[in-house]
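To keep things clear, I will list the structure first and then write my remarks on it.
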């Protein structure tokens with residue numbers, strides 16, 4: 001949703017209605033994860049994506065039709081031999097898309113939270129299989145498809161899924177999802193009963209942007225900051241030399257700090273978690289050793305350090321002398337980056353960010369740390 005808010009606001013200011021299509025479930029191999037969003041205006045403008053191209057046309061058609069029939073609809077797209085390149089998924093999986101002819105009832109609250117980088121969870125009823133009760137006027141209506149509730153970390157909620165008992169249970173589960181940082185699909189009874197599956201609720205977590213702290217105000221830093229911003233990081237550049245640590249040199253960074261790395265990490269280290277990254281590019285033992293020691297004291301998910309194998313061997317000896325245990329040093333990705341033959345600052349930035357992604361997703365890829373011999377080999381050499 002975050003990536004289409006700018007377009008949604010532009011369309012709203014122009015007086016257009018907006019339909020929203022969101023991936024709410026994936027089976028097998030899917031091109032986009034749950035939460036991927038497409039917005040469509042009643043003028044036919046499109047923003048975002050739900051499949052990377054496989055079924056976009058069909059989803060736009062559903063969204064435009066939704067303006068006429070006026071109610072949310074759950075659509076399923078899967079592989080078809082006849083329509084694999086038309087409205088099927090060539091990857092062979094199945095995606096479930098909730099198409100709503102209107103913005104979520106809690107859209108304004110969600111927009112404000114995202115603009116302020118506030119962690120929230122959006123709970124949406126994405127499927128209802130409660131059997132009807134013809135003639136029973138006293139029966140409570142089932143939750144409505146597309147009903148939404150926004151939950152903040154402190155448990156304060158906006159909106160409703162239709163029944164207070166269901167709201168209470170989902171609010172609890174949404175706070176748990178926020179704590180883990182992971183979106184989830186839950187099943188309940190119509191009034192929040194456990195171990196029932198009549199009501200399917202997609203709880204989408206919107207966590208704050210991950211942080212990347214880059215120590216060392218060098219050319220590689222500028223390139224890394226640019227690539228990290230593309231990946232959605234909030235970037236801080238830190239260097240103890242004020243003449244180099246200036247916003248003019250790093251306009252792409254969200255924050256430029258003139259301070260020693262260990263002092264800066266002492267201030268912000270507690271807030272770092274598994275989604276965050278620390279990249280030490282200083283190339284100077286009097287800065288990079290304290291930076292690594294301070295980084296190892298945090299819960300940061302990625303800690304990398306630049307330098308040749310010889311530089312890192314010398315740095316490792318200094319770290320051991322500083323009291324860092326050998327098994328703890330295994331957290332340090334050094335030499336930094338994937339072994340893709342990167343030479344320029346821009347190529348190196350790609351190698352570093354690719355290693356961060358691979359580490360986060362648990363993929364086995366060739367890191368420079370795990371290789372032998374020179375980092376830079378003649379072009380064309382094996």
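Which ones in segment 47-90 are at pLDDT 80 or above, touching a strand residue (DSSP E or B) at 6+ places or on another chain (Cβ under 9 Å) and more than 15 Å from residue 101 (Cβ to Cβ)? Show your work before the answer.
To start, the set of residues in segment 47-90 that are at pLDDT 80 or above comprises 47-51, 55-77.
This time we only want the ones that are touching a strand residue (DSSP E or B) at 6+ places or on another chain (Cβ under 9 Å), so: 47-51, 55-56, 58-60, 62-67, 71-77.
Scanning segment 47-90 gives 47, 48, 49, 50, 51, 55, 56, 58, 76, 77.
For the condition at pLDDT below 90 and over 30 Å from residue 65 (Cβ atoms), what is the one hit in 152, 191, 172, 137? Outline the logic, then answer.
Numbers: 152 fails: at pLDDT below 90; 191 fails: at pLDDT below 90; 172 fails: at pLDDT below 90.
Every option except 137 fails the conditions.
Output the residue which, of all residues in segment 11-59 that are buried (at least 21 other Cβ atoms within 10 Å of the Cβ) and outside any strand (DSSP E or B), is nearest to the chain's Cα centre (by Cα).
The selected residue is 36.
Against the condition modelled with pLDDT of 95 or more, farther than 30 Å from residue 173 by Cα and out of contact with any helix residue (DSSP H, G or I) (no Cβ under 6 Å at 6 or more places or on another chain), how does residue 223 come out, does it pass?
On the way: modelled with pLDDT of 95 or more: yes; farther than 30 Å from residue 173 by Cα: yes; out of contact with any helix residue (DSSP H, G or I) (no Cβ under 6 Å at 6 or more places or on another chain): no.
Here the answer is no, as residue 223 does not meet what is asked.
Among the residues of segment 273-289, how many are out of contact with any strand residue (DSSP E or B) (no Cβ under 7 Å at 6 or more places or on another chain) and more than 21 Å from residue 311 (Cα to Cα)?
Final tally of qualifying residues: 3.
In the set 102, 123, 113, which member is surrounded by fewer than 18 Cβ atoms within 10 Å (Cβ to Cβ) and modelled with pLDDT of 90 or more?
Numbers: 123 fails: surrounded by fewer than 18 Cβ atoms within 10 Å (Cβ to Cβ); 113 fails: surrounded by fewer than 18 Cβ atoms within 10 Å (Cβ to Cβ).
Answer to the check: 102.
Restricting the search to segment 295-311, which residues are surrounded by fewer than 21 Cβ atoms within 10 Å (Cβ to Cβ) and not in a loop (DSSP other than H, G, I, E, B)?
296, 309, 310, 311
Quickly run through segment 194-212 and pick out the residues that are in a loop (DSSP other than H, G, I, E, B) and either surrounded by 14 or more Cβ atoms within 10 Å (Cβ to Cβ) or under 15 Å from the mean Cα position of the chain (by Cα) (or both).
Step one: of segment 194-212, the residues in a loop (DSSP other than H, G, I, E, B) are 194-198, 207-210.
Answer for segment 194-212, where residues must be in a loop (DSSP other than H, G, I, E, B) and either surrounded by 14 or more Cβ atoms within 10 Å (Cβ to Cβ) or under 15 Å from the mean Cα position of the chain (by Cα) (or both): 198, 207, 208, 209, 210.
Identify the single condition in (1) surrounded by fewer than 21 Cβ atoms within 10 Å (Cβ to Cβ); (2) not in a helix (DSSP H, G or I) that residue 317 does not satisfy, given that it satisfies every other one.
The single condition residue 317 does not satisfy is (2).
Being modelled with pLDDT of 90 or more and on the phi < 0 side of the Ramachandran plot narrows it down to one of 22, 32, so name that one.
Values: 32 fails: modelled with pLDDT of 90 or more.
After ruling out the rest, the residue left standing is 22.
For residue 275, indicate whether it is modelled with pLDDT under 95, surrounded by fewer than 22 Cβ atoms within 10 Å (Cβ to Cβ) and either under 30 Å from the mean Cα position of the chain (by Cα) or not in a helix (DSSP H, G or I) (or both). It would help to see each step written out before you state the result.
Numbers: modelled with pLDDT under 95: yes; surrounded by fewer than 22 Cβ atoms within 10 Å (Cβ to Cβ): yes; either under 30 Å from the mean Cα position of the chain (by Cα) or not in a helix (DSSP H, G or I) (or both): yes.
It is true that residue 275 is modelled with pLDDT under 95, surrounded by fewer than 22 Cβ atoms within 10 Å (Cβ to Cβ) and either under 30 Å from the mean Cα position of the chain (by Cα) or not in a helix (DSSP H, G or I) (or both).
Quick check on my filter: what residues within segment 255-272 are in contact with a strand residue (DSSP E or B) (Cβ under 7 Å, 6 or more places away or on another chain) and not in a helix (DSSP H, G or I)? Walk me through how you get there before you give the answer.
Initial filter on segment 255-272 (in contact with a strand residue (DSSP E or B) (Cβ under 7 Å, 6 or more places away or on another chain)): 255-259, 261, 264, 272.
Hits for segment 255-272 are 255, 256, 257, 258, 259, 272.
Residues that are in the same structural domain as residue 220 (by TED's automatic domain parsing), surrounded by 14 or more Cβ atoms within 10 Å (Cβ to Cβ) and in contact with a strand residue (DSSP E or B) (Cβ under 9 Å, 6 or more places away or on another chain): does segment 340-349 have at least one?
No; the residues of segment 340-349 include none that is in the same structural domain as residue 220 (by TED's automatic domain parsing), surrounded by 14 or more Cβ atoms within 10 Å (Cβ to Cβ) and in contact with a strand residue (DSSP E or B) (Cβ under 9 Å, 6 or more places away or on another chain).
Looking for something more than 21 Å from the chain's Cα centre (by Cα) and either outside any loop (DSSP other than H, G, I, E, B) or under 17 Å from residue 225 (Cβ atoms) (or both) - is there at least one such residue anywhere in segment 349-365?
no
Please indicate, with yes or no, whether at least one residue in segment 298-309 is touching a residue at least 40 places away in the same chain (Cβ under 8 Å) and over 29 Å from the mean Cα position of the chain (by Cα).
Yes, because at least one residue in segment 298-309 is touching a residue at least 40 places away in the same chain (Cβ under 8 Å) and over 29 Å from the mean Cα position of the chain (by Cα).
The values are calculated or read from the model by the stated rules, or taken from the named source; none is laboratory data. Being a predicted model, the structure only gives us computed values, none of them experimental. Cβ atoms come from the backbone with ideal geometry, glycine included; neighbour counts cover every protein chain shown.
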